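Everything below concerns the one structure shown next.
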Amino acid sequence: MGHLFPKVNKLIHGGDYNPEQWLDRPDILKEDIRLMKKAHMNCATLGVFSWSFYEPEEGVFSFQWLKNIMDDLYENGIYTILATPSGARPAWLDEKYPEAMRVSAGGVRDHHGQRHNHCMSSEVYRQKVKIIDQKLAAAFGSHPGLILWHISNEFGGECYCGLCKKRFQQFLHNKYHGDIDELNHEWWTGFWSHRYSSFEQIEPPYENGEQSIGGLLLDWRRFTTWNTTDFMNAEIGTVHAVTPDIPVTANFMKLYEPLDYYEMSKSVDIISWDNYPMWNNDFEPQSKISADVSFDHSIMRSFKRGQPFMMMESAPGLVNWQPYNQVRRPGMHRYTSLQAVACGSDTVQYFQWRKGRGSFEQYHGAVVDHLGRSDTRIFREVADTGEALLRLEPVGGSVIKACAALLFDWNSRWALKDMAGGIRNNKGYEETCREQYGLFLKNDIVMDIVSPNADLSDYKIIVAPMLYVVNADTARRLRAFVEDGGCLVATYLTGYVGENTLCHLGGFPGGGLGDVFGLYAEELDTLYPAQKNRVVFDSGESFEIRDFCEIIKTREHTQVLARYGGDFYENTPVVTMNRYGRGTAVYVGARINAAGMEQLYRRLWAESGIPFMALPEGVEHYTRYGGNGQFDFYLNSNESAVEIDGVTPGMELFSGSRTGEHLRLEPFGVAVIAGA
Ligand code: GLA
Ligand code: ZN
């Protein structure tokens, strides 16, 4: 495909701009334009929190100020991403319609204030949002500078009010076909005498209420995603009705747990997200931080495969809300910006353009500081990044193609969190997924990160850690993947429960997956933190195991690749392989350390015909493919230079010189090599 925004026809370099905070300073607004051009910015995100300026009193509207700003920007080559202002409510709205304010899990209604805290069920609130969105779309829908709708801001949270309770009951009524006994069965409410006789008796899981029914907890989380998506869809419908050709996005927050982004991402045209890593922290190596950011980019990229995504926000310099708000080390800004592009983003955008003088974000990093100068370190690094993006113009529209995927599943994640068993406070789902991704990345294999409902046919290998919820459809799709020749790797805690958290009978992994893997797990042993076991591979090599050990019974033809090295289940199988159809199903029954998993993957990559190569520590490599050919990005997250061999030769876009198979990258250095 071509550029994400054909009108701009470049990679986007921009950020959140809040001119409404400076309307009494025309000198500053004028200076903003001059400085944006100096920083090579071609886009500004406007109106994210502007409702009280658009509608200072109920029904009284004022858009001229925004029109002036958008006109000025456009005349200077700066396009606008326009937000709908539903991320924060004006005071008059809460004063008159208190139902718009959320109720917390304890059943207490919020006071007015803060942001991102609306009741998504409130009809009044939805109505007020619809009016302001319609007015905005009518006023700016045909503005030549408008390229994208930014729906609300960072949707999130839950509401436990009476309206939400009713809507939850309705959601359950629909899901369980109006049959309360179907719900009673799926939620296993015979336990502790929790049977319901009508849908009206069901409450949200108040923190001082029902917390013991796994099905209720999971359905509540699904409801929250559904209700938020429904609210978002209403906003999308409003702007699309006026501007069918302007795409929409909603900025996501990496792996934000309370919302299933697989569901939400279906409704938006373009994926975008806000990236705020804690670079250079004192508890993780830089290579790990970088690999985790890569993971976050990859899941965003995979929500809509075959299309670039947007890094909607990132911090110039620093943020203000982390426990320790350290400034970025020199060079890090460029690194983290280009890493986004390497991972498939066609935009580098910031929160925020200019620091405000007061309120909560007055010390949040910005391109322009209170100092107001353009010769600051941060401004120069931003401008350099803008220049770098200009050189990457041919990359626009190109995409990453992966032959490996990691299954990351919100339902399993939620249900594991709620599961009363194993390790109670943290079963390590996200960490385990990230670790597997990191092992592929360091061996030069980029993974997509997809849901169990994704089309799996592109992949040669799929790693599905701790896929706890396996319904009939997931089981069928995974079985088909293996039958068709794929290599599937699953682990302990796979397929314990079905769609609504009822345990599968007849052995885990359930739902028919036992045949695919050729085994069942008879017991799940949980180790105390200081306890360890070992896995011994058939090669004799041995690695540490912690946390979880399943005691496994294999079938006759299932191959055992590794056995336990200790405890009363010493010598019983830990890692197994089953040939099934034309493919291979590998089961990992315990939490084996990274070195052990890497050893196993090497064997599986080789068998699956997937090329791999260990990259130097802290080096990442991504390839984007597009109409202008292939672009190989090499990134060095280390504070020292690295030498890389086995590089694809071609024309390096920043230096304009040809490179061979060897590459030297300076600290935080990035090379982009254009090939055929
Ligand atoms: C989020 C929000 C922004 C801003 C930044 C600060 O991503 O969307 O409005 O508050 O955080 O880092
Ligand atoms: Zn509510």
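So how far apart, in nm, are the two label points at GLU570 and VAL124 if each is 7 Å from Cα heading toward Cβ?
7.1 nm
Compute the orientation-averaged projected area for the stretch 570-676 from the convex hull of its Cα atoms and round it to one decimal in nm². Please report the intermediate quantities before stating the final value.
Working: hull surface 39.8 nm².
For the stretch 570-676, averaging the hull's shadow over all directions gives 9.9 nm².
Mind checking the dipole of the chain: about its Cα centre, +1 per Lys or Arg Cβ, -1 per Asp or Glu Cβ, Debye to the nearest 20? Numbers along the way, then the final one.
Numbers: 65 positive and 86 negative charges, 146 e Å.
It comes to approximately 700 debye.
Take ILE28 and ASN320, extend 7 Å from each Cα along the Cα→Cβ direction, and tell me the distance between the two endpoints in nm.
Rounded to a tenth, the inter-label distance reads 1.2 nm.
If each DSSP helix of 4+ residues adds -39,500 (n - 2.57) and the sum is divided by the residues in the chain, what number results at 222 nm, nearest 500 deg cm²/dmol? Present the calculation step by step, with values, prior to reporting the outcome.
Numbers: 17 runs with 207 residues, N = 676.
That calculation yields -9500 deg cm²/dmol at 222 nm.
What is the local net charge at ILE673, summed over the other residues whose Cβ is closer than 12 Å to its Cβ (Lys, Arg +1; Asp, Glu -1)?
On the way: positive: ARG624, ARG658; negative: ASP632, GLU652, GLU661.
Result for the local shell: -1.
How big, in percent, is the set of alpha carbon pairs in the stretch 229-344 lying more than 21 Å apart?
Details: 2885 of 6670 pairs.
Cα-Cα pairs of the stretch 229-344 separated by over 21 Å account for 43 percent.
Highest first, please rank the peptides 158-164, 436-442 by the mean number of other Cβ atoms sitting within 10 Å of their residues. Walk me through the numbers on the way to the answer.
Values: 158-164: 20.7, 436-442: 22.3.
Taking the mean over residues of other Cβ atoms within 10 Å, the ranking is 436-442, 158-164.
If one computes P(r) from the Cα atoms of the stretch 176-273, what percent of pairs lie at distances over 22 Å?
46 percent
In Å, what Kirkwood hydrodynamic radius results for the stretch 507-552 from the alpha-carbon pair distances?
On the way: mean 1/r = 0.0823 Å⁻¹.
Radius from the Kirkwood sum: 12.2 Å.
Averaged over all directions, how much area does the convex hull of the C-alpha atoms of the stretch 373-455 cover when projected, in nm²?
9.9 nm²
Taking R0 as 45 Å, what FRET efficiency do you get between ALA105 and LEU371 from their Cβ-Cβ distance, rounded to the nearest 0.05? Mind dumping the intermediate values first?
Working: r = 43 Å, r/R0 = 0.95.
After rounding to 0.05, the efficiency reads 0.55.
Probe 1.4 Å, all protein chains in place: accessible area of ASP484 in Å², nearest 10?
Taking all protein chains as shown, ASP484 has close to 100 Å².
Write down the Å³ per residue value for the convex hull defined by the alpha carbon atoms of the chain. If you can, show how the numbers build up before the last one.
Values: hull volume 109.1 nm³, N = 676.
Convex hull of Cα atoms, per residue: 161 Å³.
Can you give the alpha-carbon Rg of the stretch 485-537 over 2.2 N^0.38 Å, where N counts its residues? Please list the in-between numbers first.
Working: Rg = 13.4 Å, N = 53, 2.2 N^0.38 = 9.9 Å.
With N residues counted in the stretch 485-537, Rg over 2.2 N^0.38 Å equals 1.35.
May I ask you to rank ASP538, ASP71 by accessible area, largest first, using a 1.4 Å probe over the protein chains only? All intermediate terms of the calculation are to be shown ahead of the outcome.
Details: ASP538 100, ASP71 40 Å².
Heavy-atom accessible area, descending, gives ASP538, ASP71.
Compare THR45, THR376 by solvent-accessible area with a 1.4 Å probe and give them largest first, with all protein chains kept in place.
THR376, THR45
So how much slack lies between SER193 and GLU666, counting 0.36 nm per residue of separation and subtracting their Cα-Cα distance, in nm?
Numbers: separation 473, 0.36 × 473 = 170.28 nm, distance 6.56 nm.
Stretched fully, the SER193-GLU666 segment lengthens by 163.7 nm.
So what is the relative contact order of the chain, in percent, for Cα pairs below 8 Å that sit 6 or more residues apart? Walk me through the numbers on the way to the answer.
On the way: 1384 pairs, mean separation 72.8, N = 676.
For the chain, the relative contact order is 11 percent.
Go through THR572, THR80 and list them by solvent-accessible area, largest first, probe radius 1.4 Å.
THR572, THR80
Can you compute 3J(HN,Hα) from phi for each residue in the stretch 289-306, using the Karplus curve 6.51 cos²θ - 1.76 cosθ + 1.60 with θ = phi - 60°, rounded to whole Hz and x for Gly and Pro?
For the stretch 289-306, the Karplus-derived couplings read 4, 5, 5, 5, 5, 4, 4, 4, 4, 5, 5, 4, 4, 7, 4, 9, 5, x Hz, x marking Gly and Pro.
For the stretch 125-220, what are the per-bin percents of Cα-Cα distances with bins 10 Å wide, up to the bin holding the maximum?
13, 35, 19, 17, 12, 4, 0
Quick one: plug the Kirkwood hydrodynamic radius of the stretch 417-521 (C-alpha pairs) into Stokes-Einstein at 25 °C, 0.890 mPa s, and report D in µm²/s. Before the final figure, lay out each step's value.
Details: Rh = 14.5 Å.
D, rounded to a whole number, is 169 µm²/s.
So how much slack lies between SER457 and HIS185, counting 0.36 nm per residue of separation and subtracting their Cα-Cα distance, in nm? It would help to have the intermediate numbers written out before the result.
Values: separation 272, 0.36 × 272 = 97.92 nm, distance 3.50 nm.
Full extension of this stretch gives 94.4 nm more.
Determine the alpha carbon to alpha carbon distance for each of LYS38/LYS288; LYS7/LYS304; LYS7/LYS288; LYS135/LYS401; LYS7/LYS96 and list only those over 30 Å. Kindly include the intermediate steps, with their values, before the conclusion.
Working: LYS38/LYS288 34 Å; LYS7/LYS304 21 Å; LYS7/LYS288 37 Å; LYS135/LYS401 41 Å; LYS7/LYS96 42 Å.
Among LYS38/LYS288; LYS7/LYS304; LYS7/LYS288; LYS135/LYS401; LYS7/LYS96, the Cα-Cα distance tops 30 Å for LYS38/LYS288; LYS7/LYS288; LYS135/LYS401; LYS7/LYS96.
Relative to the present Cα-Cα distance, how much length would full extension add between LYS175 and LYS532 at 0.36 nm per residue of separation? Each step should come with its number before you reach the end.
Working: separation 357, 0.36 × 357 = 128.52 nm, distance 4.36 nm.
Contour length minus Cα-Cα distance gives 124.2 nm.
Which of the three applies to the stretch 75-185, rounded, prolate or oblate, going by the alpha-carbon gyration tensor with a ≥ b ≥ c and a/c under 1.5 meaning rounded? It would help to have the intermediate numbers written out before the result.
On the way: a/c = 2.81, a/b = 1.82, b/c = 1.55.
Verdict is prolate for the stretch 75-185.
The values are calculated or read from the model by the stated rules, or taken from the named source; none is laboratory data. This one's a predicted model, so the numbers in the text were calculated from it and none came from an experiment. Glycine gets a Cβ as well: all are built from the backbone with ideal geometry, and neighbour counts include every protein chain shown. For the accessible areas, the whole protein counts, side chains as well, though only heavy atoms, and no ligand, DNA or RNA atoms are used. Shrake-Rupley method; radii C 1.70, N 1.55, O 1.52, S 1.80 Å.
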